[in-house]
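Since the structure comes first, as structure tokens, the remarks are kept for the end.
Since every read-out is calculated from the coordinates, none of them should be taken as a lab result. Being a predicted model, the structure only gives us computed values, none of them experimental. Here Cβ is always computed from backbone atoms with ideal geometry, including for glycine, and neighbour counts include all displayed protein chains.
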Amino acid sequence: MPYQGLIEKYRKYLPVSKKTPVVTLHEGNTPLIQAYNLSKAIGGNIDIYVKFEGMNPTGSFKDRGMTMAISKAKEAGSKAVICASTGNTSASAAAYAARAGMQCMVILPAGKIALGKLVQALMHGATCLAIKGNFDDALNIVKEISAKYPITLVNSINPFRIEGQKTAAYEVCEFFTPDFQAMPVGNAGNITAYWKGYKECRELGFAKKLPVMLGFQASGSAPIVRGYPIEKPETIATAIRIGNPASWKQAVQARDESKGLIDMVTDAEILRAYKLVAAADGIFCEPASASSIAGVIKLSKKGYFRKFKGKKAKIVCVLTGHGLKDPDKAIEVAQKLNFVKPNIKEIMKYIKL
Ligand code: F0G
């Protein structure tokens, strides 16, 4: 039987029963790629693998949580779902709701959603409303609406989202348990989910140890690092432009239990990492995702991995979304296109052999 999505694969470890109508786009089963050129370019004592979550059906890790959230909403008889989003959650919710024959409503911060994500939510037929305000304002609104009206909230405060997303850790453990796991932190649902997944894998005997969790926020949107909510979060990594994460406590718990850290990286560091992984290993992720790599570069420069017992530190960097999500940012920072005459002599001027 071909791969049927993560609910079928991990059914035993998820809160589903035979009665649950499985709404799937065959999400999960994403590649874990050894980024040997990137590791070499960064140098030092590290061996980086990327968990390329941009290879999910709608191009981000949100599909793992959404297959669970939408299936459970359908099981409960819900006819409509709602979410606040910096873009990826809305794209995923819209796609899975369409597949389930449910209505989907999304509230977005106006002007701060990457083009690819917006176009997905619109194409999948969601009702898309942009507000003058940020993600945190939008989340407050959808929490209130879902408390008052018969419409299911599918942001990551929905516990089924976390259950679906924890399967990424199960997938990593099928190959090895990393020494470190690096990832972006926005609303902090994903770090919560991975940590839950790793702990379960150890209990089940799929993993011999637990990784040290390394979370990275953008420096203009780093409430957990600074220790207080940020009223006006800013960063070019719009996916993690969040000032008051809903799963703040759980993220701190993952950090502390794993003896890890949550640090911040600047927009310039994020963009450098974003370009580096694309050029070095052919892996195109969106800017927010590259904060995991930017964070590893920052720690590596400080000698953080040097203390790691003689052998190379095995690091999994989660690349949460595909680079095609944000074409505007890519065009802005990539090399420029050359315009030439359709003439071989002209063209050969550009080719260095
Ligand atoms: N990376 C990407 C590409 C994201 O879209 C998000 C969150 C994160 C990282 C952070 O994950 O919130 O679980 O800590 N995007 C949400 C959205 C907020 O609305 O799409 P987190």
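Odds and ends about this structure:
- First in region 98-123 and under 12 Å from residue 326 (Cα atoms) and free of Cβ contacts under 8 Å to residues at least 24 places away in the same chain, second anywhere and among the polar types (S, T, N, Q) and within 14 Å of the ligand (Cβ to nearest atom), Cβ under 6 Å, 6 or more apart: none
- All positions within region 174-190 that are crowded, with 24+ Cβ neighbours inside 10 Å and either part of a strand (DSSP E or B) or within 13 Å of the ligand (Cβ to nearest atom) (or both): 181, 182, 183, 184, 185, 186, 187, 188, 189, 190
- Residue check for residue 251: within 10 Å of the ligand (Cβ to nearest atom), under 21 Å from residue 160 (Cα atoms) and either under 18 Å from the mean Cα position of the chain (by Cα) or basic (Lys, Arg) (or both): yes
- Taking region 121-144 as the range and being surrounded by 22 or more Cβ atoms within 10 Å (Cβ to Cβ) and touching a helix residue (DSSP H, G or I) at 6+ places or on another chain (Cβ under 8 Å) as the test, the residues that pass are 121, 126.
- Being more than 28 Å from residue 37 (Cβ to Cβ) and within 12 Å of the ligand (Cβ to nearest atom) is a property that residue 229 lacks.
- Selection from region 87-136 of residues that are of a type in the set (D, E, K, R), assigned to a helix (DSSP H, G or I) and away from the ligand (no atom under 14 Å from the Cβ): 99
- Residues within region 320-351 that are basic (Lys, Arg) and touching a residue at least 12 places away in the same chain (Cβ under 8 Å), tallied: 2
- Neighbours by Cβ (under 6 Å, 6+ apart or cross-chain): first from region 72-92, under 30 Å from residue 236 (Cα atoms) and among the polar types (S, T, N, Q); second more than 8 Å from the ligand (Cβ to nearest atom) and in a helix (DSSP H, G or I): 86/238; 90/121; 92/63; 92/66
- Residue list for region 265-282, restricted to those being buried (at least 24 other Cβ atoms within 10 Å of the Cβ) and of a type in the set (A, V, I, L, M, F, W, C): 265, 270, 273, 277
- Matching residues, region 304-336, being of a type in the set (A, V, I, L, M, F, W, C), in a loop (DSSP other than H, G, I, E, B) and out of contact with any helix residue (DSSP H, G or I) (no Cβ under 9 Å at 6 or more places or on another chain): 308
Matching residues to (1) out of contact with any strand residue (DSSP E or B) (no Cβ under 7 Å at 6 or more places or on another chain); (2) within 16 Å of the ligand (Cβ to nearest atom); (3) of a type in the set (D, E, K, R):
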{"residue": "277", "(1), (2), (3)": "no, yes, no"}
{"residue": "280", "(1), (2), (3)": "yes, no, no"}
{"residue": "294", "(1), (2), (3)": "no, yes, no"}
{"residue": "314", "(1), (2), (3)": "no, no, yes"}
{"residue": "322", "(1), (2), (3)": "no, yes, no"}
{"residue": "330", "(1), (2), (3)": "yes, yes, no"}
{"residue": "336", "(1), (2), (3)": "yes, no, yes"}
{"residue": "343", "(1), (2), (3)": "yes, no, no"}
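- Residue in region 191-207 that is aliphatic (A, V, I, L, M) and within 16 Å of the ligand (Cβ to nearest atom) present: yes
- Residues that are within 14 Å of the ligand (Cβ to nearest atom), more than 19 Å from residue 325 (Cβ to Cβ) and assigned to a loop (DSSP other than H, G, I, E, B), drawn from region 56-86: none
- Among the residues of region 204-248, the ones that are over 18 Å from residue 165 (Cα atoms) and more than 20 Å from the chain's Cα centre (by Cα) come to 10 in all.
- Matching residues, region 202-248, being of a type in the set (Ser, Thr, Tyr) and over 22 Å from residue 260 (Cβ atoms): 238
- Of the residues examined, residue 283 is one that is of a type in the set (A, V, I, L, M), under 20 Å from residue 117 (Cα atoms) and part of a loop (DSSP other than H, G, I, E, B).
- Of the residues making up region 231-279, those that are touching a residue at least 40 places away in the same chain (Cβ under 8 Å), in a helix (DSSP H, G or I) and within 29 Å of residue 115 (Cβ to Cβ) are 238, 239, 240, 251, 267, 270, 271, 274, 275, 276, 277, 278.
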